[in-house]
Structure formats: structure tokens, C-alpha cells
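The values are calculated or read from the model by the stated rules, or taken from the named source; none is laboratory data. Note that the coordinates shown come from a computational prediction; the quantities given were computed from them, not determined experimentally. Every residue, glycine among them, receives a Cβ derived from its backbone with ideal geometry; neighbour counts consider all protein chains shown.
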Amino acid sequence: MDNKDKLKKRLENIWQPPDFANFFESVIKKPTRLIKKGAVLFNFGDPLNCIYFIQEGFVKLYRLSDEGRETTIYLYGPGNILGIRALTSEDETARHYAEAITDLKMLTIPRWEYLEILTQNPEYVVDLTHTFMQRLNYTERKLEGFIAQDVVTRVAIFLADVIERFYQGGRKGQITLPLKLTHQRISEFTGSFRETITLALHKLEDLKIIKMKRSEVIVLDLAKLEKIARINKI
């Protein structure tokens, strides 16, 4: 199958989610790297000369204010790629910090090599479009939470997003989030103070929507959580 046919086939199934695992593991074939929790993948201002594919674990993308307060911008997890800004921007320096919040298994490839492989596998450019749209949707949801000025809504949006993007099981019954979350971690992701996050989580527990077990979040009623988050399925 030539490049034109491969691209045509992918466009005929454009609604299907990206399969970066197949791309990195069967096309690129790089060795797996093991990264320890707490490791910084890149700092603000560092050159973005690599593309990262996460096989296992989670990475947070964040910024620091002049006062040193951290705001988490995005959560990356299994199946996600990190560093694609370097593919689409003339400024190839990082605008954020990236840190492993769990142990990681990941693959990396130099930017130039990734672009070269895309010329031979143009169907995977469609997957990059999916990735941009996913992040745009996340930004819109997060903005909704800030506009609402309602911390319970912010927390619901965040938890529902983690489930939608990373939970591999069914949607019925109890759902245990695949990422352990402390109150402090949730506050960083939602741009809220830790004390208000604690109150919001207690309210969701009182409503029998979630249950907290140390840093484990168990969703008891996904429908109610999504109703609070006001998620519109397309």
C-alpha cells in the first residue's frame, strides 16, 4: 500500500482515536526508557528536540508564577505523546516544565527523525490532529471550570477527564482512577487552593458520587459526576 492509499484509508476512519502505540512500537522501534517518579523531562526554556511517547505512567506539564506558585497545564498518560509543540512552532524551546508524577516507561525519538518518518507514514499526521483536538477540548473544559468559579465543578471536570482519557474499564459500577491523587495534586490541576479542594471532595463524597481512600479516588456514580462537569459528548 503506497502513501496515498494509507492516508486515504486513515481518512476514511478519521473518527478513530490515535494509535501511537502501534506507530512507536512497530514503525519507530526505539528501546523503552525507564524514568523515575519526580524526574524532570524538560524545563522552561529548554530546547524541545525530542518527541516522547508514554507507554506507562503519568507526566504533568506545568508553569511557575513569579511567586513560585505552580499551575498544572496538562496531564499526559499512557498512549499520549509529549513534545509535539516542536513540530508546529518556529520557537523550539519549551514553554512549560514537564515532570514524571509516577514511574514511567517511555519511548523517545529526535524531532528530525520523527518528521522524516511521517513523510513515509502520512496517515499518522491525522493522529496528530486528533491530539491537538483532544487538548483543545481539555482546555475548553478547564476554562468552563474557571468561569464557573465553582471548585466542585472544577474537580468534577478534572476527574471526569481523567476517566475519559485514561480509564480502560467499563463505565458501569465503581471506577477507580488509574492515577493516585492527593488533595494537593488535585489543587495543582484545578488551579485551586488545597483547603477548598478538601471541601469540594468532601461535598462529592457526601453526595455519594466519589469515595476517597487515601490518595485513591473511587467514582461511585459517573453519571452524576459528568452531570456536574457538564460534559457534552460529541
Restricting attention to region 180-208, report how many residues are over 28 Å from Gln134 (Cβ atoms) and either among the aliphatic types (A, V, I, L, M) or not assigned by TED's automatic domain parsing to the domain that holds Ala223 (or both).
-> 2
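Rundown of residues vs (1) of a type in the set (D, E, K, R); (2) at negative phi, yes/no style:
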residue	(1), (2)
Gln134	no, yes
Arg185	yes, yes
Gly191	no, no
Thr198	no, yes
Got a number for residues in region 1-29 being closer than 28 Å to Gly77 by Cβ, outside any helix (DSSP H, G or I) and either in contact with a Gly (Cβ under 7 Å, 6 or more places away or on another chain) or not aromatic (Phe, Trp, Tyr) (or both)?
-> 7
Flagged in region 98-136 as without any contact (Cβ under 8 Å) to a residue 12 or more places away in the chain and buried (at least 16 other Cβ atoms within 10 Å of the Cβ), in numbering order, are Leu118
So Phe193, is it within 24 Å of Glu140 (Cβ to Cβ) and surrounded by fewer than 16 Cβ atoms within 10 Å (Cβ to Cβ) | yes
Taking the condition at negative phi, buried (at least 19 other Cβ atoms within 10 Å of the Cβ) and touching a helix residue (DSSP H, G or I) at 6+ places or on another chain (Cβ under 8 Å), does Val162 pass?
-> no
Spot the failing condition for Gly68; the list is (1) touching a residue at least 40 places away in the same chain (Cβ under 8 Å); (2) over 25 Å from Leu159 (Cβ atoms); (3) small (Gly, Ala, Ser); (4) out of contact with any Asp or Glu (no Cβ under 6 Å at 6 or more places or on another chain), and only one is missed.
-> (1)
Out of region 2-54, which residues are farther than 18 Å from Asp103 by Cβ, of a type in the set (A, V, I, L, M, F, W, C) and either outside the structural domain of Thr119 (by TED's automatic domain parsing) or touching a residue at least 60 places away in the same chain (Cβ under 8 Å) (or both)?
-> Leu7, Leu11, Ile14, Phe20, Phe23, Phe24, Val27, Ile28, Leu48, Cys50, Ile51
From the set of residues in region 55-86 that are modelled with pLDDT under 90 and of a type in the set (Val, Ile, Thr), which is nearest to the chain's Cα centre (by Cα)?
-> Ile73
Among the residues of region 60-83, write down those that are buried (at least 18 other Cβ atoms within 10 Å of the Cβ), farther than 17 Å from Lys142 by Cβ and among the hydrophobic types (A, V, I, L, M, F, W, C).
-> Ile81, Leu82
When only residues in region 190-199 that are part of a loop (DSSP other than H, G, I, E, B) and in contact (Cβ under 8 Å) with a residue 12 or more places away in the chain count, which is nearest to the chain's Cα centre (by Cα)?
-> Gly191
Inside region 87-103, the number of residues satisfying the requirement of being at pLDDT 85 or above and not aromatic (Phe, Trp, Tyr) is 10
Per the filter on region 124-179, residues under 18 Å from the mean Cα position of the chain (by Cα), small (Gly, Ala, Ser) and either in the same structural domain as Glu56 (by TED's automatic domain parsing) or more than 23 Å from Gln55 (Cα to Cα) (or both) are Gly145, Ala156
Where in region 70-189 are there strands (runs of 3 or more DSSP E), lying wholly inside it, with at least 2 residues that are under 21 Å from Ile228 (Cβ atoms)?
-> 70-76
Check Phe58 against each of (1) touching a helix residue (DSSP H, G or I) at 6+ places or on another chain (Cβ under 7 Å); (2) farther than 12 Å from Thr108 by Cα and name the one condition it does not meet.
-> (1)
